[in-house]
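Worksheet: one structure, shown below.
The values are calculated or read from the model by the stated rules, or taken from the named source; none is laboratory data. Values in this document were obtained by computation on a predicted structure and should not be read as measured data. Note: ideal-geometry Cβ built from the backbone for every residue, glycine included; neighbour counts use all protein chains shown. Areas reflect the complete protein model, heavy atoms only, side chains present, ligands, DNA and RNA absent. Shrake-Rupley method; radii C 1.70, N 1.55, O 1.52, S 1.80 Å.
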Amino acid sequence: MPEIITLYHGSTRRIEKPEFGKGNPSNDYGIGFYCTENLELAKEWACNSQKGGFANAYSLDTSDIAVLELAGSKYGILDWLAVLINNRVFDTTSQMAAEAKEYLSEHFLPDVRAFDIVRGYRADDSYFTFAMDFLSSTISLRQLSHAMSLGSLGEQLVLKSSKAFKKLSFVGSETADGAIYFAKRQNRDKEAREQYLKRGRKTARRSDDIFMIDILREEMTRSDARLQQDISFSCSK
């Protein structure tokens, strides 16, 4: 990661000085300041309705900053999922899903507290649905990996420590036209759901596919070689 990067935060208002310790603890990665390096995505995220909002721009000095790369090579989709379900508030739809949530939290949850920034994928409503299908063993790990690339999910960077906040400087803001970007936001989610129903969920199963029930039965952990096959996924920035 370059030492100085530009980040954007989508909001209904201008935010010149983000406050450490504020935010929704039920967001993907818990309390923190959620940003993206993609201006267009920030404008979409700013528009919860056609009223529009702002894409606030910041420069961040990343020198001497510890970054947890959930989309990197060290961690996989199960680590990302463990962080997600540890923060999101949701009802498990089956006993299988309840057991899966507990197991992933115990065996795959990274220690987020050791990092200043968490970088990973953003779980909009459609993607959270895909993850819940995996917890219930409706789809395999490989199918989940494929589904998560649908609709250009996008990455988010979340500032978690006071140290990171002190290295963030406000640059300015751009308006996000709600008539344009609210529709783009809706279309992105709709496209992901449609592709999932047409291709992602119906991807032909393979003999070596791993389901959540397999992980539970065989007590697989992060070091298990079987979990390293065909489970990487990328997102478009």
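Among the residues making up the range 69-82, those that are crowded, with 21+ Cβ neighbours inside 10 Å and touching a strand residue (DSSP E or B) at 6+ places or on another chain (Cβ under 7 Å) are Leu70, Trp80. Checking each residue in the range 83-95 for being open to solvent by less than 20 Å² (accessible area, probe 1.4 Å) and within 17 Å of Ser136 (Cα to Cα) picks out Leu84, Ile85. Looking across Ile31, Ile5, one residue alone is assigned to a loop (DSSP other than H, G, I, E, B) and surrounded by fewer than 18 Cβ atoms within 10 Å (Cβ to Cβ). It is Ile31. So which pairs qualify, if the first residue must be in the range 206-227 and open to solvent by 30 Å² or more (accessible area, probe 1.4 Å), the second must be of a type in the set (D, E, K, R), the Cβ gap must be under 7 Å, and the two must be at least 6 apart or on different chains? Close Cβ pairs satisfying both conditions: Leu216/Glu99.
Residue-wise test of (1) over 19 Å from the mean Cα position of the chain (by Cα); (2) more than 19 Å from Leu81 (Cβ to Cβ); (3) not polar (S, T, N, Q).
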{"site": "Glu155", "(1), (2), (3)": "no, no, yes"}
{"site": "Val158", "(1), (2), (3)": "no, no, yes"}
{"site": "Lys163", "(1), (2), (3)": "yes, yes, yes"}
{"site": "Lys167", "(1), (2), (3)": "yes, yes, yes"}
{"site": "Glu174", "(1), (2), (3)": "yes, yes, yes"}
{"site": "Lys184", "(1), (2), (3)": "no, yes, yes"}
{"site": "Asn187", "(1), (2), (3)": "no, yes, no"}
{"site": "Tyr196", "(1), (2), (3)": "no, no, yes"}
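Taken across the range 77-95, residues that are among the hydrophobic types (A, V, I, L, M, F, W, C), touching an Asp or Glu at 6+ places or on another chain (Cβ under 9 Å), within 15 Å of Gln156 (Cβ to Cβ) and not in a helix (DSSP H, G or I) do not occur at all. Pairs meeting the criteria (first residue in the range 2-19 and in contact (Cβ under 8 Å) with a residue 40 or more places away in the chain, second residue surrounded by 12 or more Cβ atoms within 10 Å (Cβ to Cβ) and of a type in the set (Phe, Trp, Tyr), beta carbons under 6 Å, at least 6 apart or on different chains) are Leu7/Tyr58; Gly10/Trp45; Ser11/Phe54; Arg14/Phe54; Glu16/Phe170; Pro18/Phe33.
Whenever a residue of the range 96-111 is more than 10 Å from Leu216 (Cβ to Cβ) and open to solvent by less than 60 Å² (accessible area, probe 1.4 Å), its partners that are basic (Lys, Arg) and not in a helix (DSSP H, G or I), lying with C-beta atoms within less than 8 angstrom and at least six residues away or across chains, give the pairs Phe108/Arg222. The residues of the range 161-184 that are aliphatic (A, V, I, L, M) and more than 17 Å from Glu40 (Cα to Cα), listed by number, are Ala164, Leu168. For the range 34-64, how many residues are of a type in the set (A, V, I, L, M, F, W, C), open to solvent by 10 Å² or more (accessible area, probe 1.4 Å) and at pLDDT 95 or above? Qualifying residue count, the range 34-64: 3. Among what's in the range 112-132 and is among the hydrophobic types (A, V, I, L, M, F, W, C) and open to solvent by less than 20 Å² (accessible area, probe 1.4 Å), pick the residue that is nearest to Asn27 (Cα to Cα). Among them, the one singled out is Ala123. For the range 166-195, the set of residues classified as open to solvent by 60 Å² or more (accessible area, probe 1.4 Å) and touching a helix residue (DSSP H, G or I) at 6+ places or on another chain (Cβ under 7 Å) consists of Lys184, Arg185, Arg193, listed by residue number.
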